[in-house]
Amino acid sequence: MTRRLPSKNVVIIGLGWTGSIMALELAKTGLDVVAIERGPWRDTAADFNIGTTPDELRYGIRLEMFLRPKQESITMRNNPTQTALPIRRWGSFLPGNGVGGAGMHWNGQTWRFLPDDFRIRSHMTERYGAAILPADNHIQDWPVSYEELEPHYDRFEYIAGISGKAGNLKGRIQPGGNPFEGARAREYPTPPMQQGYAQDLFAKAATEKGMHPFPRPSANLSAAYTNPYGCSMAPCTYCGFCERFGCANYSKASPQTCVLPALLQEPTFEARTNCEVTKVNLSPDGKTAISVTYVDLQGEEWEQPADLVLICAFGLFNVRLMLLSGIGKPYDPNHDEGVVGRNYAYQTGSGSTGFFENAQFNTFAAAGSLGVAADDYNSDNFDHGPHGFVGGASITSAHTNARPIGYRPVPPGTPNWGSKWKRAVHDSAGRFTSVGAQGSVMSYRNNYLDLDPTYKDPLGRPLMRMTFDYQDNERKMANWMADRCDEVARAMGAKNTQVNRLVGPWSVVPYQTTHNTGGAVMGNDPKTSALNRYLQSWDVSNVFVMGASAFPQNAGYNPTGTVGALTYWALDAILGKYLKSPGPLVQA
Amino acid sequence: MAGSTRRDLLAATALFTAFAGNALGRTVSKALPWQPNEAYPAARVQPGPWLYLTVAEATTIDAIVDRLIPPDDLGAGGKDAGCTVFIDRQLAGPFGGHDWLYMQGPFPADPLPSQGLQSPLTPRQQYRLGLAALGVYCQANFAGRQFAGLTVDEQDKLLAGLEKGEVKLTGFDGRMLFGAIYANTMEGYFADPIYGGNAGMVGWKLVGFPGTRYDYRDVIANPNKAYTLPPVGLAGRPAWGQPT
């Protein structure tokens with residue numbers, strides 16, 4: 001039996017970056033806000049304790065902080081002719097769980113997308129003609145421009161304390177920064193991280209090849225910092241336990257370090273953890289959300305009415321909740337109609353691992369965002385005419401960790417075990433470093449999300465089904481980038497290299513990236529987007545949906561900077577427009 | 001692992017204390033719910049009898065892990081590093097039952113390789129059934145000798161055959177057995193010693209991993225210099241008077 005609770009002004013589903021920022025800013029106006037989070041409460045001292053957190057097996061391999069597939073998984077296939085099967089053990093991507101969400105377990109690379117990325121369809125068509133766009137693509141311009149988002153990127157970067165060096169201040173190119181970036185109003189809040197020996201070699205080699213290397217923007221802070229919410233952070237110690245771990249040093253920007261201490265001081269805010277929202281309930285005409293239903297740890301079901309519903313879970317789960325709740329028309333690839341589940345995209349990874357004879361890289365001295373990058377081959381920073389692909393990649397020399405269960409490269413040709421392997425793993429230790437290319441993935445008719453017909457979660461609800469594969473455009477791009485990476489790795493002095501190309505179908509087994517995007521994209525046309533330019537549902541106007549699910553396609557960057565910017569952009573619209581006059585902010 | 005179980009229990013307990021007459025679920029408001037000295041250490045493996053493996057299974061695994069990681073001048077092999085103890089304790093815990101994984105059927109016979117793990121067998125079942133099938137194979141092909149009684153060349157050849165799928169066991173996928181033991185052996189050799197393997201931090205010393213030191217600002221400040229401090233684990237290191 002469902003019990004109905006007293007109504008709130010705002011209900012927020014999921015308490016990660018987007019949920020916590022929304023909660024704080026809305027509670028500050030005096031609204032009654034409740035955040036409902038399906039995972040546990042987590043805080044630095046208890047859950048990321050320095051005496052327990054540097055434990056690779058527990059957190060990095062058994063994945064203690066992550067959503068357990070038993071609770072919810074996703075089914076997967078490479079194309080619509082196949083039968084999807086559940087991802088029984090996470091591999092390719094790792095969905096978070098609990099307070100902090102992906103903002104707790106991330107590496108912290110905090111980018112802005114480039115101005116061209118926001119109008120990529122128009123830009124590429126203008127420069128090269130429509131023929132350069134790949135077959136069956138759904139590439140769309142974003143409904144916001146870089147210039148519109150700039151103040152919101154800035155705001156998120158100052159909340160997170162990002163360490164970096166501006167490359168473009170108000171249109172003036174700055175030495176030491178990224179000359180390709182969009183103009184920013186001011187410097188990063190903290191200076192860039194110190195780089196390691198491998199990054200110094202990379203910077204030199206890349207510069208000799210005519211590239212423009214710069215320290216990548218990092219949420220592992222280079223210096224102590226207090227943000228505008230009054231939350232304080234400490235300098236990063238390069239411990240090498242970022243991604244998959246919480247930070248014991250208060251050095252990695254996260255909801256825990258940057259938002260929650262301020263949020264909990266708001267008397268009108270309340271969080272309910274270990275409570276899973278199962279549905280957003282709509283009015284009979286389907287145009288208004290009236291409440292959410294959630295289930296607690298005991299299996300008890302509750303109904304929480306609210307005036308405004310903010311869906312702030314991880315992007316994939318935003319899409320599933322919309323599908324389960326009937327918010328927006330589900331996407332149907334057969335007729336190329338509908339919007340929820342449309343334009344799921346991901347990211348490419350390729351590169352080259354170099355093995356050196358005389359070097360002490362001390363790869364374990366690392367941080368999730370430590371690295372030097374070059375954007376010469378990202379977005380449309382280079383002439384795509386000779387290549388026949390759309391998109392690009394950020395090319396990086398990075399040391400995020402050298403945790404030995406998961407990462408102990410050996411030169412090509414080494415056996416997997418036995419005496420020769422043991423000798424090789426010993427001799428290679430500290431003498432390897434990688435040059436990687438993290439690339440964009442465009443959107444396509446047959447890469448999408450819908451509900452699985454067979455597999456269910458423990459509550460009996462259908463799992464979401466992911467249909468995805470890399471297309472020729474992405475393979476071409478990623479493999480061209482792998483060659484560029486290999487050239488740089490050799491120029492750095494590698495004696496031999498292992499080139500990592502994008503071959504075979506996308507597989508759920510090896511870890512690749514948790515940059516899953518799309519499925520509830522923002523746009524100017526309700527026939528090709530689930531959300532309007534303010535991240536408001538076209539169909540249910542008191543529902544806003546945060547997160548990378550809104551990306552029309554994915555760029556060659558980590559998503560969190562843009563997710564943060566979109567959150568503040570939507571917040572401004574809610575505070576400045578919606579709350580004054582609730583209803584659709586854009587007429588369909 | 002034990003820590004999370006305890007936290008789940010705490011969360012469940014909170015349901016009855018903090019929410020009388022209200023929604024069941026942990027409510028947090030007005031203050032961070034942090035408590036002094038609250039932390040969730042992993043349970044440390046204790047010496048003692050096998051918790052899951054039979055003596056015969058452990059004998060076979062001892063022999064296998066010592067071929068995967070042989071003892072030599074670079075350090076102990078898998079057996080003396082404690083890999084078998086590690087495997088036994090992992091099998092006895094939530095990992096051994098795939099307790100956290102999605103294990104609802106159906107389990108089709110012909111999944112795509114890109115769809116990854118699609119077997120209904122838990123690690124406990126994989127070890128029990130797979131080692132039994134390996135025993136039958138050795139009995140039939142090596143004149144009654146068991147795996148541990150083979151020469152190291154015979155062992156290496158058999159393991160390579162299992163790895164490549166060239167050796168067919170009756171009633172069990174040899175590649176699955178090899179894959180399970182290989183993955184768990186490497187985990188045991190390189191995991192923190194509190195889990196029963198990596199004795200004396202032999203795995204960390206092999207690859208120059210300093211363990212849990214958690215602060216390398218001095219390393220970053222001094223590029224291209226050898227790191228000389230010995231590794232430290234969650235329970236300290238031997239020079240601190242801690243058994244590891």
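What the table below lists for this structure:
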quantity: Out of A:T348, A:T353, sole residue that is surrounded by fewer than 24 Cβ atoms within 10 Å (Cβ to Cβ) and touching a residue at least 24 places away in the same chain (Cβ under 8 Å); calculated: A:T353
quantity: Matching residues in region A:43-62 - criterion: being in contact (Cβ under 8 Å) with a residue 40 or more places away in the chain, outside any helix (DSSP H, G or I) and facing chain B (nearest Cβ under 9 Å); calculated: A:D43, A:N49, A:I50, A:T53, A:P54
quantity: Criterion: surrounded by fewer than 24 Cβ atoms within 10 Å (Cβ to Cβ) and under 30 Å from A:P412 (Cβ atoms) - qualifying residue of A:S541, A:S507; calculated: A:S507
quantity: Residue satisfying condition, being surrounded by fewer than 19 Cβ atoms within 10 Å (Cβ to Cβ), more than 9 Å from every other protein chain (Cβ to nearest Cβ) and under 15 Å from the mean Cα position of the chain (by Cα), within set B:A81, B:A56, B:A92; calculated: B:A92
quantity: Residues within region B:129-149 that are closer than 13 Å to B:A63 by Cα, surrounded by fewer than 19 Cβ atoms within 10 Å (Cβ to Cβ) and aliphatic (A, V, I, L, M), tallied; calculated: 1
quantity: Qualifying positions in region A:248-288 - within 11 Å of chain B (Cβ to nearest Cβ), part of a loop (DSSP other than H, G, I, E, B) and farther than 29 Å from A:G368 by Cβ; calculated: A:E266, A:P267, A:T268, A:C275
quantity: Hits in region A:296-327 - residues which are more than 23 Å from the chain's Cα centre (by Cα), small (G, A, S) and outside any strand (DSSP E or B); calculated: A:G299, A:S325, A:G326
quantity: Residues of region A:280-333 satisfying the condition of being among the polar types (S, T, N, Q) and at pLDDT 95 or above; calculated: A:N281, A:S283, A:T288, A:S291, A:T293, A:Q304, A:N318, A:S325
quantity: When residues of region A:399-417 are limited to those that are of a type in the set (G, A, S) and in contact with a Phe, Trp or Tyr (Cβ under 9 Å, 6 or more places away or on another chain), the one surrounded by the most Cβ atoms within 10 Å (Cβ to Cβ); calculated: A:A402
quantity: Matching residues, region A:82-92, being under 15 Å from B:P108 (Cβ atoms) and either in a loop (DSSP other than H, G, I, E, B) or acidic (D, E) (or both); calculated: A:Q82, A:T83, A:A84, A:I87, A:R88
quantity: Matching residues in region A:278-303 - criterion: being surrounded by 24 or more Cβ atoms within 10 Å (Cβ to Cβ) and not hydroxyl-bearing (S, T, Y); calculated: A:V280, A:A289, A:V292
quantity: So B:L234, is it within 9 Å of chain A (Cβ to nearest Cβ), more than 22 Å from A:C242 (Cα to Cα) and buried (at least 20 other Cβ atoms within 10 Å of the Cβ); calculated: no
quantity: Single residue of region B:178-191 satisfying the filter (touching a Gly at 6+ places or on another chain (Cβ under 8 Å) and without any contact (Cβ under 8 Å) to a residue 60 or more places away in the chain) that is farthest from the other protein chains (Cβ to nearest Cβ); calculated: B:A180
quantity: Pairs where the first residue, in region A:63-82, is free of Cβ contacts under 8 Å to residues at least 24 places away in the same chain and more than 9 Å from chain B (Cβ to nearest Cβ) and the second is part of a strand (DSSP E or B) and surrounded by fewer than 21 Cβ atoms within 10 Å (Cβ to Cβ), C-beta under 7 Å, 6+ apart; calculated: none
quantity: Where A:Q174 falls short, out of the listed (1) free of Cβ contacts under 8 Å to residues at least 12 places away in the same chain; (2) surrounded by fewer than 16 Cβ atoms within 10 Å (Cβ to Cβ); calculated: (2)
quantity: Sole exception among (1) under 16 Å from the mean Cα position of the chain (by Cα); (2) more than 10 Å from every other protein chain (Cβ to nearest Cβ); (3) modelled with pLDDT of 95 or more; (4) part of a loop (DSSP other than H, G, I, E, B) for B:D66, by number; calculated: (4)
quantity: Residues satisfying the stated conditions in region A:126-155, i.e. in contact with a Pro (Cβ under 7 Å, 6 or more places away or on another chain) and among the polar types (S, T, N, Q); calculated: A:Q140
quantity: Yes/no for B:G82 being at positive phi, touching a residue at least 12 places away in the same chain (Cβ under 8 Å) and in contact with a Leu (Cβ under 6 Å, 6 or more places away or on another chain); calculated: no
quantity: Residues of region A:435-451 that turn out to be surrounded by 20 or more Cβ atoms within 10 Å (Cβ to Cβ) and touching a Pro at 6+ places or on another chain (Cβ under 8 Å), as a count; calculated: 5
quantity: Flag if B:R145 is touching a helix residue (DSSP H, G or I) at 6+ places or on another chain (Cβ under 8 Å), over 30 Å from A:A365 (Cβ atoms) and within 14 Å of another protein chain (Cβ to nearest Cβ); calculated: no
quantity: Answer from B:A199, B:A160 - the residue that is aliphatic (A, V, I, L, M) and buried (at least 18 other Cβ atoms within 10 Å of the Cβ); calculated: B:A199
quantity: B:R124 vs. criteria within 12 Å of another protein chain (Cβ to nearest Cβ), among the basic types (K, R), touching a Phe, Trp or Tyr at 6+ places or on another chain (Cβ under 8 Å) and assigned to a helix (DSSP H, G or I); calculated: no
quantity: Filter result for A:R89 (within 24 Å of A:C247 (Cβ to Cβ), surrounded by fewer than 21 Cβ atoms within 10 Å (Cβ to Cβ), among the charged types (D, E, K, R) and at the interface with chain B (Cβ under 8 Å from one of its Cβ atoms)); calculated: no
quantity: Any hit, region B:158-177, residues being in contact with a Phe, Trp or Tyr (Cβ under 9 Å, 6 or more places away or on another chain), within 22 Å of B:I87 (Cα to Cα), touching a residue at least 24 places away in the same chain (Cβ under 8 Å) and within 11 Å of another protein chain (Cβ to nearest Cβ); calculated: yes
quantity: Checking B:I61 against (1) at pLDDT 95 or above; (2) more than 18 Å from the chain's Cα centre (by Cα), the condition it does not meet; calculated: (2)
quantity: Sole exception among (1) in contact (Cβ under 8 Å) with a residue 60 or more places away in the chain; (2) in a loop (DSSP other than H, G, I, E, B) for A:A166, by number; calculated: (1)
quantity: Given (1) in a helix (DSSP H, G or I); (2) of a type in the set (S, T, N, Q); (3) over 30 Å from A:L297 (Cα atoms), index of the condition B:Q90 fails; calculated: (3)
quantity: Pairs, first within 7 Å of chain A (Cβ to nearest Cβ) and part of a helix (DSSP H, G or I) in region B:207-224, second buried (at least 19 other Cβ atoms within 10 Å of the Cβ) and of a type in the set (G, A, S), C-beta under 6 Å, six or more apart; calculated: B:V207/A:A429; B:V219/A:A365; B:I220/A:G196; B:I220/A:A365
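The values are calculated or read from the model by the stated rules, or taken from the named source; none is laboratory data. Computed from a predicted model, the values in this text were never measured in an experiment. Every residue, glycine as well, gets a Cβ built from its backbone with ideal geometry; the counts of neighbours run over all protein chains shown.
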